[in-house]
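Colleague: Below are the structure tokens for one structure; questions will follow.
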Ligand SMILES: [Zn+2]
């Protein structure tokens, strides 16, 4: 596909700008397109700082949740022991003399 000349580029920009106006889009964008020299990007350093702060905060928050599995495991273990079951395999422990599960060998203490 051959490259467009500067005049052809200008014509295409003007046609596209007219199309945007006819279709009801913003006249500001249409005029920006018509001029063809609009600054469309701007580097925002505060955006980098914001993203870095957000990623740091999110990472610290996720790391701080490391205690949750241990607490859930401990509660599950206590609940099963309280119900008279082995905390690992849920084997019925009623009447067992030893402190070790005969099914899985788990040491039975709270
Ligand atoms: Zn067991």
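Colleague: Would you pick out the residues in the stretch 78-95 that are in contact (Cβ under 8 Å) with a residue 12 or more places away in the chain and either within 9 Å of the ligand (Cβ to nearest atom) or surrounded by 13 or more Cβ atoms within 10 Å (Cβ to Cβ) (or both)?
Modeller: If the condition is that a residue be in contact (Cβ under 8 Å) with a residue 12 or more places away in the chain and either within 9 Å of the ligand (Cβ to nearest atom) or surrounded by 13 or more Cβ atoms within 10 Å (Cβ to Cβ) (or both), then 81, 86, 87, 88, 89, 91, 93 are the ones that fit.
Colleague: Moving on. I need a count of the residues in the stretch 36-77 that are closer than 30 Å to residue 12 by Cβ and surrounded by 10 or more Cβ atoms within 10 Å (Cβ to Cβ).
Modeller: Residues that pass the stated criteria total 2.
Each reported figure results from applying straightforward, stated rules to the coordinates on display, with no laboratory input. Computed from a predicted structure; not experimentally measured. Positions of Cβ are generated from backbone atoms using ideal geometry, with glycine treated the same way; all protein chains shown enter the neighbour counts.
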